[in-house]
1. Hand me the list of strands (runs of 3 or more DSSP E) wholly inside segment 55-158 holding 2 or more residues that are touching a Cys at 6+ places or on another chain (Cβ under 8 Å) and of a type in the set (A, V, I, L, M, F, W, C).
2. List the number of the failed condition for Phe191; all other conditions in (1) aromatic (Phe, Trp, Tyr); (2) part of a helix (DSSP H, G or I); (3) closer than 17 Å to Thr64 by Cα hold.
3. Residue check, Ser164 against (1) open to solvent by 70 Å² or more (accessible area, probe 1.4 Å); (2) within 30 Å of Ala86 (Cα to Cα); (3) modelled with pLDDT under 95; (4) not charged (D, E, K, R), all met but one. Which one?
4. Evaluate the following for Pro163: is it touching an Asp or Glu at 6+ places or on another chain (Cβ under 8 Å), over 20 Å from Ser55 (Cβ atoms) and not hydroxyl-bearing (Ser, Thr, Tyr)?
5. So, Thr190, is that one over 29 Å from Thr60 (Cα atoms) and either open to solvent by less than 80 Å² (accessible area, probe 1.4 Å) or touching a His at 6+ places or on another chain (Cβ under 7 Å) (or both) or not?
6. Answer yes or no as to whether Asp93 is under 24 Å from Val5 (Cα atoms) and either open to solvent by less than 80 Å² (accessible area, probe 1.4 Å) or under 21 Å from the mean Cα position of the chain (by Cα) (or both).
7. Taking Ala131 as meeting all but one of (1) hydrophobic (A, V, I, L, M, F, W, C); (2) surrounded by 11 or more Cβ atoms within 10 Å (Cβ to Cβ); (3) closer than 22 Å to Ser51 by Cα, write down the number of the exception.
Amino acid sequence: DEMSVLELYEDEPLKNSNSISSHLFNLITKTNQSNFVSSYAPSAIRVLGQSYVLSLPVKTMTVTTSSLGITANQVLVGTLSDQIYAIDKKLLDPRRPVKPTNADKEEGLIPYNEFLPIAPQKFITYTHQVAGLRDIQCFPTRRESSVLVFAYGVDMFYTRLMPSKSFDMLEDDFSYSLLVTTILGLLVATFVVRSRVQKDNLKRNWM
């Protein structure tokens with residue numbers, strides 16, 4: 001079992017950037033441990049932690065959630081400029097190594113850097129502002145890849161996010177005609193092969 005905790009600190013006295021502290025609590029269980037749990041003999045807990053600097057002044061923060069928890073999470077921060085910026089959870093993973101090994105690379109862990117990168121395309125409000133932004137709410141949908149985001153203040157903002165892209169949806173340019181042609185071809189091939197097998201079996205029985 002794992003539990004992640006994010007803490008946001010405001011830098012003084014400039015207040016033009018924030019520090020984010022990420023902690024991962026991992027419950028270590030033994031392979032031969034029974035289902036019996038006692039507060040007098042708690043299981044060992046491994047705690048990992050890292051700190052990052054976000055060069056955006058933040059006034060609110062939330063985390064996206066999906067219906068089944070398969071989709072990767074994103075941390076949404078509301079800035080003092082009334083915009084919403086999305087941070088991929090993998091950038092806040094406290095397991096990010098300073099010198100990644102081959103195992104780290106295979107797992108997809110990013111090398112540690114205390115400064116979080118700022119990418120303009122990660123502003124989900126684009127160049128617009130949500131005037132008087134006060135809070136951000138996230139809601140799961142029936143489709144696992146999609147997350148609904150609602151932000152409000154003086155203005156209201158509503159959008160749909162796909163943190164792990166549309167892995168459970170067909171693309172708009174998907175060729176349905178090619179799919180139908182392929183299925184029909186497989187049906188014809190199955191019928192031809194079946195007919196030949198039946199003829200061969202019949203000849204073999206007459207011999």
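The values are calculated or read from the model by the stated rules, or taken from the named source; none is laboratory data. Everything quoted here is computed from the prediction, not taken from an experiment. Note that we place each Cβ from the backbone using ideal geometry, even for glycine, and neighbour counts take in every protein chain shown. Side chains included, ligands, DNA and RNA excluded: accessible areas come from the protein's heavy atoms. Shrake-Rupley method; radii C 1.70, N 1.55, O 1.52, S 1.80 Å.
1. On the way: elements: 58-63, 74-79, 84-88, 135-140, 147-152.
Counting at least 2 such residues, we get 147-152.
2. (3)
3. Answer for Ser164: the failing condition is (1).
4. yes
5. no
6. Against the criterion (under 24 Å from Val5 (Cα atoms) and either open to solvent by less than 80 Å² (accessible area, probe 1.4 Å) or under 21 Å from the mean Cα position of the chain (by Cα) (or both)), Asp93 qualifies.
7. (3)
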